[in-house]
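Trainee: Here it is, the structure in full.
The values are calculated or read from the model by the stated rules, or taken from the named source; none is laboratory data. Remember, predicted model here, so these are calculated numbers, not experimental data. Positions of Cβ are backbone-derived with ideal geometry, glycine not excepted, and every protein chain shown enters the neighbour counts.
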Amino acid sequence: MSAPTYDLGRLHGGLRLESHKRESTARPIVEVPVPRQLILPIQQHAGAPAQPVVDVGDPVLRGQVIAEPDGEMGAPVHASSSGTVAAIRPWPVARRHGEEAPCIVIDCDGRDQALPAMPAADYRSMPAADLLLRILDGGIVGLGGAVFPTAQKLMQARTAKVECLLLNGAECEPYISCDDVLMRERAPAVVSGAQILMQALQIESCCIVVESDKPAALRRLADELARADDERLTLKQVPTIYPSGGEDQLVQLVTDREVPSGGLPIDVGCVVQNVGTAAAVHDWISQGEPLISRVTTVTGDGVASPQNVRARLGTPVADLVKVAGGYRGSPRYLVMGGPMTGKSVTTDRVPLVKASNCILVLAEVPPTGPELPCIRCGDCAAVCPVQLLPQQIYRHACADDEHALRDFGLIDCIECGCCDLVCPSHIRLTAEFRKAKWRMRELADEKARAERARQRFEARNVRLERERQARDAELARQKESAKAAGPEAIAAILERKRRARKDDPS
Amino acid sequence: MKFERRAAPFIAPRGDVGNIMLQVLAALVPAAVAHVWFFGPGLIFNLLVAGIFAVVGEAGMMWARGRRPEIALRDYSALVTAVLLAFALPSLTPWWVTATGALFAVVVAKHLYGGLGFNIFNPAMVGYVVVLVAFPKELNLWVAPRMGDLDYQHLSILQTLTFTLTGNLPETLAFDAVSRATPLDMMKTGLNNMATAIEIRAHPLMGDFGGRGWEWIGNFVALGGFWLMLRKIVQWHIPAGVGIGLLVPATLMYLLDPGANPSPAFHLFAGATILCAFFIATDPVSAATSPRGRFIYGLGIGFLVYAIRTWGSYADGVAFAVLIMNMAVPAIDYVTRPRIVGHAGRRASHG
């Protein structure tokens, strides 16, 4: 591979980790058969959950929309195979807070009947706005794990007038290799997806970025780019260092521009899409197949033969593990995602979702003695890719000092987990930071609620004051009219009042 | 299948505190051997006494604070404190002096401030300063290096042990016969008596750079220090800071008036300079925490060592310099926070 390692903007810190990718890249991608039952969460994207548009008992076909996005941010959910809607109910899923989420359960009929295919249109002749709407209909979200709805991201990018599309094939987290094998086996789809995305964005530059530890993928892509002969496309290699594949980190590596705190890559003229997302865009726009399946890595020392598989969304994880040879022994942890940022789940009934780039089964995580106090060695600061001082943030998190946490940049923490790995005191820093962020968000919500209550209270005071003034004015008016009516009328009013008071002793 | 819950990351951390402390201890072995070679077995007894009392103090305080003592003992930090204290003390030190220092270091400077990670001051240096102030006479018994040509009465192992336990020399020996001024002491008294630095350096106790014996121990300490740097346990910021902070003023003054000022090489090799640069000032708990902050912290210590040696009334100033800079740490940490990526301001230099 002749592409030079692209190292324009250097990343602060980061870690070279044992990659553990070889275990799962030895064999080609295997198709997982359609299961008897599919479980499709109505939220598989950033934003509000989609709203189901089918009822229990409805027949559905493969590719049929079963939940529509609600609000500005979201993506539709499609049925991944044909069958009948059996239930719409909570089901165990991988999420950070809580165990279950509402899912549409489909009993498959085994025929895997598809909707009549949409007439394929040549995207080159489509106006960009139509292309964007079309992408929205495909249910496509970022497949790198963050599941940001792709259409919305592209719209933001167009509004911000970005110059460059970066296709993220870095895949820096250990064990995960689904993008690697996808680039090897489906390089044409990735390249075609990149061209469609450029058309949708109306830009003339796209850079595919791959970490240097994927020579086979780099070679395949280089061949494919030579075949495509499209001077808008370039291929770049970045050093193998975790977390180079983080969106902001990738932008920094390739463009030497820092994404501003609280901002997005579009603020520095870039938009980043995962290579898997590009292939999904190709499948939808050129082949008419919405996002109903994905490639995922089933790996770890808890599975018999680690393997990349392509499975329908909604397939229970247990079925995926079966394809990878089943469990080895009785593993202790099941992780959705990679070993640095994944979420552990307690059951393998959880379904494969758009975010699932890896199913990691671990026999054991080596026990780490008791957590010792921080000795301020600073190793965490040395590896932090955003140049935070985790040791100081940890101290302030323990003290729950919200002001200091803001000051020391807790919100800028990307939760990559590097600090945990180098901490000689074995402090679970990232978990602490996640909790602290959560507390801060709750505090902000509480403040917002208090502010709303205050506004309501003040509005009420204003209203009461207005009503009192109105009453006073009315009384004054009555007095004036009584005065005008003469003394007999006043005596009659007073008599009436006296009688009313006698009737009502209070 | 049922699985357990756990927060990411799912990869075990790489190092641990106990392992780091053990490597620090290992790095001091060559220097300890050299010390015994040149100054007799006194250091061994100092190490034993300091070690025993530091460990007992640590265990006792953990117990008193309602925690499991073995957690603290397994990190070996009390032993590192004890070893640094033992290196700071003269090789002839009565046990109660060493014990006072060790207990004060661990009980007061460390545990009364909250234990490992919470002590503001370097425990070993607190212990040393306490005994320096409380037992000035006992801290004066520095012996001469064992060099063939030096007219000097050596103590046997048994005599050294007896002195450690009782504070008495054999009846036939007077204190004057065994003790010698340290090179730094000699320099200070000599300069005060209007001798020139060059005249003082001509004394048989003085070596090529510092004092005889001392400079060799310095070499071995530096060897251990570089090994720790190779192992990435010590970063360059503090040792370089101490070196520059001390050598820049020393060189300037030496160039201005070589008669009244010892050479920078003397400052480097005499006293505890090298031990301070690699082992004392680098205690992470009481040092500044950002790389830039650590360099500034080291600079401060180096300069204060020079200032105390030159203008103060103590011959060496390492302990005071470290404690004073410990006080400055919160301020240093506050002003040297690195710029967070994505925030406006100076771009990082990736140092």
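Trainee: In this structure, does A:Gly276 turn out to be in contact with a Phe, Trp or Tyr (Cβ under 7 Å, 6 or more places away or on another chain), small (Gly, Ala, Ser) and buried (at least 20 other Cβ atoms within 10 Å of the Cβ)?
Mentor: No, not satisfied.
Trainee: Which count do you get for residues in the stretch A:19-43 that are more than 28 Å from A:Met340 (Cβ to Cβ) and either of a type in the set (Phe, Trp, Tyr) or part of a strand (DSSP E or B) (or both)?
Mentor: Going through the stretch A:19-43 one residue at a time, the tally reaches 3.
Trainee: For the stretch B:80-122, which residues satisfy the criterion of being outside any helix (DSSP H, G or I) and within 14 Å of chain A (Cβ to nearest Cβ)?
Mentor: Step one: list which residues in the stretch B:80-122 are outside any helix (DSSP H, G or I), which gives B:89-94, B:114-122.
Passing the criteria: B:Gly114, B:Gly115, B:Leu116, B:Gly117, B:Phe118, B:Asn119, B:Ile120, B:Phe121, B:Asn122.
Trainee: Among the residues that make up the stretch B:244-263, is at least one of them within 18 Å of the chain's Cα centre (by Cα), more than 25 Å from B:Lys188 (Cβ to Cβ) and modelled with pLDDT of 90 or more?
Mentor: No, every residue in the stretch B:244-263 fails to be within 18 Å of the chain's Cα centre (by Cα), more than 25 Å from B:Lys188 (Cβ to Cβ) and modelled with pLDDT of 90 or more.
Trainee: Okay, moving on. On the basis of being over 28 Å from the mean Cα position of the chain (by Cα), more than 7 Å from chain B (Cβ to nearest Cβ) and modelled with pLDDT of 90 or more, does A:Arg376 make the cut?
Mentor: Details: over 28 Å from the mean Cα position of the chain (by Cα): yes; more than 7 Å from chain B (Cβ to nearest Cβ): no; modelled with pLDDT of 90 or more: yes.
Criteria not met by A:Arg376.
Trainee: Have a look at A:Ala363, A:Ala382 and point out the one that is more than 10 Å from every other protein chain (Cβ to nearest Cβ) and either in contact with a strand residue (DSSP E or B) (Cβ under 9 Å, 6 or more places away or on another chain) or surrounded by fewer than 24 Cβ atoms within 10 Å (Cβ to Cβ) (or both).
Mentor: Values: A:Ala382 fails: more than 10 Å from every other protein chain (Cβ to nearest Cβ).
Going through A:Ala363, A:Ala382 in turn, the sole match is A:Ala363.
Trainee: Taking the stretch A:327-353 as the search range and keeping residues that are assigned to a strand (DSSP E or B) and facing chain B (nearest Cβ under 8 Å), which one is nearest to the chain's Cα centre (by Cα)? Steps first, answer last, please.
Mentor: Residues of the stretch A:327-353 that are assigned to a strand (DSSP E or B), as a first pass: A:327, A:333-336, A:343-345, A:347, A:351.
After this cut, where a residue has to be facing chain B (nearest Cβ under 8 Å) as well, the list is A:327, A:333-335, A:343-345, A:347.
Details: A:Tyr327: 29, A:Tyr333: 22, A:Leu334: 20, A:Val335: 17, A:Lys343: 13, A:Ser344: 16, A:Val345: 17, A:Thr347: 22 Å.
Only one residue tops the list, namely A:Lys343.
Trainee: Just to be sure before I move on: is A:Ala46 part of a loop (DSSP other than H, G, I, E, B), buried (at least 17 other Cβ atoms within 10 Å of the Cβ) and of a type outside the set (S, T, N, Q) in the structure I sent? Write out each step before concluding.
Mentor: On the way: part of a loop (DSSP other than H, G, I, E, B): yes; buried (at least 17 other Cβ atoms within 10 Å of the Cβ): yes; of a type outside the set (S, T, N, Q): yes.
Yes: the conditions hold for A:Ala46.
Trainee: With A:Val281, A:Val209, A:Val254 as the choices, which residue is more than 14 Å from chain B (Cβ to nearest Cβ), assigned to a strand (DSSP E or B) and touching a Leu at 6+ places or on another chain (Cβ under 7 Å)? Give the derivation first.
Mentor: Values: A:Val281 fails: assigned to a strand (DSSP E or B); A:Val254 fails: assigned to a strand (DSSP E or B).
Residue meeting the stated conditions: A:Val209.
Trainee: Just the residues that are of a type in the set (Phe, Trp, Tyr) and surrounded by fewer than 23 Cβ atoms within 10 Å (Cβ to Cβ), please, taken from the stretch B:122-141.
Mentor: Step one: of the stretch B:122-141, the residues of a type in the set (Phe, Trp, Tyr) are B:128, B:135.
Of everything in the stretch B:122-141, just one residue is of a type in the set (Phe, Trp, Tyr) and surrounded by fewer than 23 Cβ atoms within 10 Å (Cβ to Cβ), namely B:Phe135.
Trainee: Now for a different question. State all residues of the stretch B:154-183 that are at pLDDT 85 or above and either in contact with a Leu (Cβ under 9 Å, 6 or more places away or on another chain) or over 20 Å from B:Leu48 (Cβ atoms) (or both); if no residue qualifies, say none.
Mentor: B:Gln159, B:Thr160, B:Thr162, B:Phe163, B:Thr164
Trainee: A further question follows. In the set A:Cys108, A:Cys103, which member is under 21 Å from A:Thr315 (Cα atoms), under 20 Å from the mean Cα position of the chain (by Cα), surrounded by 22 or more Cβ atoms within 10 Å (Cβ to Cβ) and modelled with pLDDT of 90 or more? It would help to see each step written out before you state the result.
Mentor: On the way: A:Cys108 fails: under 20 Å from the mean Cα position of the chain (by Cα).
Matching residue, one of A:Cys108, A:Cys103: A:Cys103.
Trainee: Given (1) surrounded by fewer than 22 Cβ atoms within 10 Å (Cβ to Cβ); (2) part of a helix (DSSP H, G or I); (3) more than 21 Å from the chain's Cα centre (by Cα); (4) facing chain B (nearest Cβ under 9 Å), where does A:His426 come up short, assuming only one miss?
Mentor: The number of the failed condition is (2).
Trainee: Give, as residue ranges, the helices (runs of 4 or more DSSP H) completely inside the stretch B:1-79 that count at least 2 residues that are crowded, with 21+ Cβ neighbours inside 10 Å, at pLDDT 90 or above and more than 13 Å from chain A (Cβ to nearest Cβ).
Mentor: Details: elements: B:17-27, B:29-39, B:42-64, B:69-73.
Counting at least 2 such residues, we get B:29-39, B:42-64.
Trainee: Ok, one more. Pick from the stretch A:397-423 the residues that are outside any loop (DSSP other than H, G, I, E, B) and among the aliphatic types (A, V, I, L, M): which of them is nearest to the chain's Cα centre (by Cα)? Before the answer, list the steps.
Mentor: Step one: of the stretch A:397-423, the residues outside any loop (DSSP other than H, G, I, E, B) are A:397-398, A:402-407, A:410-412, A:418-422.
Checking which are among the aliphatic types (A, V, I, L, M) leaves us with A:397, A:404-405, A:410-411, A:421-422.
Values: A:Ala397: 25, A:Ala404: 28, A:Leu405: 24, A:Leu410: 19, A:Ile411: 17, A:Leu421: 24, A:Val422: 27 Å.
So the residue we want is A:Ile411.
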